[in-house]
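The values are calculated or read from the model by the stated rules, or taken from the named source; none is laboratory data. Because the structure is predicted, anything quoted here is derived from the model rather than measured. Counting neighbours? That spans all protein chains shown, and the Cβs are built from the backbone with ideal geometry, glycine included. Surface areas here come from the heavy atoms of the whole protein model, side chains and all, with no ligands, DNA or RNA. Shrake-Rupley method; radii C 1.70, N 1.55, O 1.52, S 1.80 Å.
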Amino acid sequence: SQQGEEDPQALSIQEGENATMNCSYKTSINNLQWYRQNSGRGLVHLILIRSNEREKHSGRLRVTLDTSKKSSSLLITASRAADTASYFCATEGNKLVFGAGTILRVKS
Amino acid sequence: NAGVTQTPKFRVLKTGQSMTLLCAQDMNHEYMYWYRQDPGMGLRLIHYSVGEGTTAKGEVPDGYNVSRLKKQNFLLGLESAAPSQTSVYFCASSFPGTLAGETQYFGPGTRLLVL
């Protein structure tokens, strides 16, 4: 059973534009994480936001968390071709549960 | 510092054959995990371990066995492979804390095709 569900399933943008991906979940969580997966590679941790945090930044990444709506968003600003990857949210109850991911394509 | 490594990278099996996937980490992590990734399904947890000599079932454990004889190694076994086990398998590790409350570090994956 998947806890987090990402939206959209796929996103195609031009280099320099911002990319926003959303994650919705069903039950209470302790924290939420975002991971990136380049084609044919393992997942790489991007950012963790705890349930008592509303917003967190890391470089060009901005993550928000709204526990009342059970949703999170990942914003990548000034996208680059190298940002092309799949992005997964992972919610934590007593185990980490991954969503199906958003495929982001950044065209140069 | 190699991080998390997986062996082999790719394998083709016939139905009924057995094999073992090896995961090794050099970060002194207590927790280790095995996931499978199928198209459109995200990652699903097969088995995990919270320390040397301990293992536990995840979301989809049927058809798999695991062992954690050494802290740095986590083995995933398929005793009698089935076509439904065709997938990409990822190993991950993390420091203790809450079971999932900290960053997980992933290996590069093993692609398994069962004919």
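Semi-axes of the equivalent ellipsoid of chain B are 23, 14, 13 Å, computed as sqrt(5λ) over the eigenvalues of the C-alpha gyration tensor in descending order.
Quick one: putting +1 on the C-beta of Lys and Arg, -1 on the C-beta of Asp and Glu, what dipole do you get for the stretch A:45-108 around its Cα centre, in Debye to the nearest 20? Numbers along the way, then the final one.
Details: 11 positive and 5 negative charges, 28 e Å.
The dipole magnitude comes to about 140 debye.
Label positions at B:GLU30 and B:LYS70, each projected 7 Å from the Cα along the C-beta direction, are separated by 2.1 nm. Taking every C-alpha pair closer than 8 Å and separated by at least 6 residues, the mean separation divided by the residue count of chain B gives a relative contact order of 35 percent. Would you jot down the residues in the stretch A:63-108 that end up with at least 50 Å² less accessible area in the complete protein assembly than in the chain alone, with a 1.4 Å probe? Hits at the 50 Å² cut-off: A:LYS95, A:LEU96, A:PHE98. Once the Cα-Cα distance is subtracted from the 0.36 nm per residue extended length, the A:ASN38 to A:GLU17 segment shows a gain of 5.6 nm.
Only lysines eight or more places from B:LYS70 in sequence, or on another chain, were considered; none has a Cα closer than 16 Å. Once you put a point 7 Å from the Cα of B:GLU79 and another 7 Å from the Cα of A:ALA81, both along the Cβ direction, what distance in nm separates them? Once both label points are built, they end up 5.1 nm from each other. The label point for A:GLN9 and the one for B:PHE95, both projected 7 Å from the Cα toward the Cβ, are 3.9 nm apart.
Remark: chain A carries a charge dipole of roughly 160 debye about the Cα centre, counting +1 on each Lys and Arg Cβ and -1 on each Asp and Glu Cβ. Derived scalar couplings between HN and Hα for the stretch A:25-34 equal 9, 10, 10, 4, 10, 8, 7, 9, 10, 10 Hz in order, rounded to whole Hz, by the Karplus curve 6.51 cos²θ - 1.76 cosθ + 1.60 (θ = phi - 60°), x for Gly and Pro. Rounded, prolate or oblate: which one fits the stretch B:25-68, using the alpha carbon gyration tensor with axes a ≥ b ≥ c (rounded when a/c is under 1.5, else prolate when a/b beats b/c, else oblate)? Since a/c reaches 1.5 but b/c is at least a/b, the shape of the stretch B:25-68 is classed as oblate. When the other protein chains are added to the chain by itself, burial of at least 50 square angstrom of heavy-atom accessible area (probe 1.4 Å, ligands and nucleic acids ignored) affects these residues of the stretch B:29-76: B:LEU43. Take the convex hull of the alpha carbons in chain A; its mean projected area over all directions comes to 6.3 nm². For the residue pairs A:LYS26/B:LYS9; A:LYS95/B:LYS14; B:LYS9/B:LYS57; A:LYS26/A:LYS56, alpha carbon separations beyond 26 Å are given by A:LYS26/B:LYS9; A:LYS95/B:LYS14.
In the stretch A:1-63, the convex hull through the Cα atoms has an average projected area of 5.5 nm², a quarter of its surface area. Where in the stretch B:22-36 does the amide nitrogen come within less than 20 Å of the point 7 Å from the Cα of A:THR27, taken along Cα to Cβ? Under 20 Å, as judged by backbone N against the label point of A:THR27, lie B:34-36 of the stretch B:22-36.
Summed over both chains, the area buried between B and A is near 1600 Å², taken from the accessible surface of protein heavy atoms with a 1.4 Å probe.
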